[in-house]
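The structure under discussion appears below in the form of structure tokens.
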Amino acid sequence: MAITLEASAAAASDRAVVFACDGRYLPYALFAAEQVARLHPARDFDICLCALGETLDVPPALAPLGLRVCRVGAGGALAGLPLDARRSEATYLRLLLPGALGGDYRRLLYLDSDVFVQGGDFGALMRVDLGARAVAAVRDNFQWRNPRRHVDSFRAMKLPNGPYFNAGVLLIDTGAFAAAGVVGRCVAFAAAHPSGMLHMDQDLLNGALIGEWAEISPRWNWQYTRATMLFEAMEGAHVVHFIGAKKPWTHTGGRLPPRFRDAYRAFFARVWPERPPLEAGPAPHRDRRYLREVLIRHTLAAGRFCDYLDRFESDLTVLNVRQETR
């Protein structure tokens with residue numbers, strides 16, 4: 001069986017920003033989708049919300065955004081990938097999107113649902129030259145300050161060291177993705193490495209595309225940690241990615257700037273006024289020990305982190321990973 005697609009509307013462009021989620025994560029995907037739409041009021045690309053075998057319900061308050069809602073059927077394409085009590089086929093939905101949407105779009109910009117969009121020209125990013133690359137991504141923050149650091153997943157799978165990307169933001173050329181047989185390569189990689197995968201579909205993509213992806217600026221996927229948050233405030237990331245367990249809509253411990261939680265709180269109150277309001281959390285300065293730790297981490301990493309940022313002349317710079325691994 002082939003991958004299937006049911007959509008709420010026809011494609012209006014040949015490029016799209018895409019979110020993959022289920023009903024549980026739909027509110028957060030909608031929040032980010034609205035941020036993208038408001039940032040680009042005259043956009044020349046679609047914004048799609050995709051779910052695996054599930055129809056997502058967009059609240060009437062967000063209908064003016066013109067979101068395209070898609071239901072994707074795996075069609076057996078994911079057979080052979082590891083599943084367990086915590087991981088269903090939906091875990092791998094982002095792997096299916098180029099095949100499901102490739103008939104409509106030549107470029108996709110995939111975003112995780114736990115992102116905060118605050119800048120950047122998304123249309124320009126989707127027009128950059130990737131050469132023959134199927135995927136462009138931001139290096140995982142594990143390698144930001146030390147690009148030669150051996151990532152835990154590669155070490156666990158006994159793979160040689162090399163550049164490793166975070167799969168929370170992916171710029172995908174759908175034609176090149178299909179031509180390279182990326183999904184099939186991911187299935188084969190999973191079969192060859194039955195143990196050691198720590199980050200599931202992210203490990204699959206990295207394993208299948210070793211030395212065959214393009215690197216873009218961290219401003220498009222600023223992985224927000226205690227060692228990067230102050231640099232973000234200075235650099236001005238386009239997309240902030242909450243990669244850890246602390247999400248603005250759940251964390252009330254004062255370790256995230258209030259502006260993030262305030263934005264989610266206002267969005268939820270406007271779109272779902274019948275729900276209990278999201279409470280405000282304490283200000284970060286209440287935890288002075290944590291703030292000192294943040295300052296120390298930034299001080300120690302400043303030189304190496306600036307070296308990493310210097311690799312990108314602009315936010316649209318694309319680096320060839322294969323050349324770097326030689």
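The values are calculated or read from the model by the stated rules, or taken from the named source; none is laboratory data. From a predicted model like this one, the values you see are computed outputs, not experimental measurements. Cβ placement follows ideal geometry from the backbone for every residue including glycine, while neighbour counts extend to all protein chains displayed. When the accessible area is computed, the model is the full protein with side chains, heavy atoms only, and any ligands, DNA or RNA have been set aside. Shrake-Rupley method; radii C 1.70, N 1.55, O 1.52, S 1.80 Å.
Under 7 Å between Cβ atoms, which residue pairs at least 6 apart in sequence (or on different chains) link something in the range 1-26 that is closer than 13 Å to L96 by Cβ with a partner that is part of a loop (DSSP other than H, G, I, E, B)?
M1/G75; M1/G76; A2/G75; I3/A74; I3/G75; I3/A77; T4/G75
Output the residue which, of all residues in the range 246-270 that are at pLDDT 90 or above and more than 24 Å from the chain's Cα centre (by Cα), is nearest to T225 (Cα to Cα).
If we take residues in the range 246-270 being at pLDDT 90 or above and more than 24 Å from the chain's Cα centre (by Cα), then A269 is nearest to T225 (Cα to Cα).
Could you tell me how many of the residues in the range 192-227 are among the β-branched types (V, I, T) and surrounded by fewer than 24 Cβ atoms within 10 Å (Cβ to Cβ)?
Qualifying residue count for the region: 2.
Failed condition for D307, given (1) at pLDDT 90 or above; (2) in a loop (DSSP other than H, G, I, E, B), with all others met?
Unmet condition: (2).
Of the numbered conditions (1) at pLDDT 95 or above; (2) within 29 Å of K246 (Cα to Cα); (3) not β-branched (V, I, T), L319 satisfies every one except a single condition; which is it?
L319 satisfies all of (1) at pLDDT 95 or above; (2) within 29 Å of K246 (Cα to Cα); (3) not β-branched (V, I, T) except (2).
Could we say that L83 is open to solvent by 20 Å² or more (accessible area, probe 1.4 Å), without any contact (Cβ under 8 Å) to a residue 40 or more places away in the chain and of a type in the set (A, V, I, L, M, F, W, C) here?
yes
Could you grab me the full set of residues in the range 242-252 that are of a type outside the set (D, E, K, R) and closer than 12 Å to Y28 by Cβ?
Once the filter is applied, which keeps residues that are of a type outside the set (D, E, K, R) and closer than 12 Å to Y28 by Cβ, the range 242-252 yields F242, P248, W249, T250.
Under the condition of being of a type in the set (D, E) and part of a loop (DSSP other than H, G, I, E, B), which residue from the range 21-58 is most open to solvent (accessible area, probe 1.4 Å)?
Pass one, the range 21-58, residues of a type in the set (D, E): 22, 34, 44, 46, 54, 57.
From what's left, part of a loop (DSSP other than H, G, I, E, B): 22, 44, 54, 57.
Working: D22: 54, D44: 72, E54: 65, D57: 121 Å².
Filtering first and then ranking leaves D57.
What residue, among those in the range 270-304 that are outside any helix (DSSP H, G or I) and hydrophobic (A, V, I, L, M, F, W, C), is surrounded by the most Cβ atoms within 10 Å (Cβ to Cβ)?
L278
For F177, which of the numbered conditions (1) more than 24 Å from R311 (Cβ to Cβ); (2) buried (at least 19 other Cβ atoms within 10 Å of the Cβ); (3) at pLDDT below 95 fails to hold?
The one condition F177 does not meet is (3).
Got a number for residues in the range 172-202 being aromatic (F, W, Y) and closer than 21 Å to Y105 by Cβ?
Residues of the range 172-202 that are aromatic (F, W, Y), as a first pass: 177, 189.
After this cut, where a residue has to be closer than 21 Å to Y105 by Cβ as well, the list is 177.
Going through the range 172-202 one residue at a time, the tally reaches 1.
Of all residues in the range 239-248, which are surrounded by 15 or more Cβ atoms within 10 Å (Cβ to Cβ) and more than 13 Å from A32 (Cα to Cα)?
Hits for the range 239-248 are I243, K246, K247.
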